[in-house]
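Notes for the one structure printed next.
Coordinate-derived values only; no laboratory data. This structure is a prediction, so every number in the text was calculated from the model and none was measured. As a convention, Cβ positions derive from the backbone with ideal geometry for all residues, glycine included, and neighbour counts pool all protein chains shown.
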Amino acid sequence: MDDLVAALKSTNGVTIQALFTTGASGNADPGHLDDWMRRIVEISTLNVQLYTLDRPYPSKNIAPAGRGLLEGIKARLGECGISAGVC
């Protein structure tokens, strides 16, 4: 993961697309979000596009993240000076 972060840091004007899910195997719990946010700030990305599941998914361990959760992530990014949009 550190190699990927380093590579993205060296790229000017990068936009990150991130898909978040909830549930037992989701990635939107506070621990995951804090780590992800730290890395996004470190990369100093130009923009972040936030998504969730929009199609049927094969696992009962994940579910779409709610719009409110995505808007909350967007607000946190904004507090760090990072532009974000919820798609």
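When +1 charges are put on Lys and Arg Cβ atoms and -1 charges on Asp and Glu Cβ atoms, the dipole computed for the chain relative to its Cα centre reaches about 240 debye. Put in order of Cβ neighbour count within 10 Å, fewest first, the listed residues Thr45, Thr22 become Thr22, Thr45. Under the criterion of Cα pairs below 8 Å and six or more residues apart, the relative contact order for the chain equals 34 percent. For region 2-86, with the dipole built from +1 on Lys and Arg beta-carbon atoms and -1 on Asp and Glu ones, taken about the Cα centre, which of Ala7, Leu77, Asn61 lies farthest toward the positive end? With unit charges placed on the Cβ atoms, the residue in question is Asn61. A prolate overall shape is assigned to region 2-86, the ratio a/c of its alpha-carbon gyration tensor axes (a ≥ b ≥ c) being 1.5 or greater and a/b exceeding b/c. Local charge for Met37 was computed over the other residues whose Cβ lies under 14 Å away, with Lys and Arg +1 and Asp and Glu -1, and equals -1.
Residues within the reach of a label modelled at Lys9 (point 7 angstrom out along Cα to beta-carbon, backbone nitrogen below 14 Å), restricted to region 32-71, are 38-45. Between Asp35 and Asp2, what length in nm is gained on full extension when 0.36 nm per residue of separation is reduced by their alpha carbon distance? Result: 10.7 nm gained on full extension.
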